[in-house]
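Take a look at the structure set out below.
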Amino acid sequence: MPALPTHPAPATEIVTKTRVACDGGEGALGHPRVWLSLPEEGWIDCGYCDKRYILEGTEAAKGAGTAA
């Protein structure tokens, strides 16, 4: 299984579902809402803002140093 990338993400969120929506946050710095499907690896980065979503309970969550 591919490990998490070594480059840091500007933000990381642990999620409980394999499909998440990202709009870049509030205000003018946001972006159009996109829906992301987490692959088997258990993580995905948003193509617009690089926010990282990690599925709770996966090896990726453990590797991120988070309590999953």
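Observations
- Among residues of segment 19-38, those that are in a loop (DSSP other than H, G, I, E, B) and touching a Ser or Thr at 6+ places or on another chain (Cβ under 8 Å), counted: 1
- Residue list for segment 24-49, filter: acidic (Asp, Glu), modelled with pLDDT under 95 and open to solvent by less than 80 Å² (accessible area, probe 1.4 Å): Glu41
- All positions within segment 39-56 that are more than 18 Å from Pro10 (Cβ to Cβ), part of a loop (DSSP other than H, G, I, E, B) and in contact (Cβ under 8 Å) with a residue 12 or more places away in the chain: Glu40, Glu41, Gly42, Glu56
- Test result for Ala9, in contact with a strand residue (DSSP E or B) (Cβ under 7 Å, 6 or more places away or on another chain), part of a loop (DSSP other than H, G, I, E, B) and in contact (Cβ under 8 Å) with a residue 40 or more places away in the chain: yes
The values are calculated or read from the model by the stated rules, or taken from the named source; none is laboratory data. From a predicted model like this one, the values you see are computed outputs, not experimental measurements. Neighbour counts are summed over all protein chains in view; Cβ atoms, including those assigned to glycine, are modelled from backbone coordinates with ideal geometry. Keep in mind that these areas ignore ligands, DNA and RNA; they rest on the heavy atoms of the full protein, side chains included. Shrake-Rupley method; radii C 1.70, N 1.55, O 1.52, S 1.80 Å.
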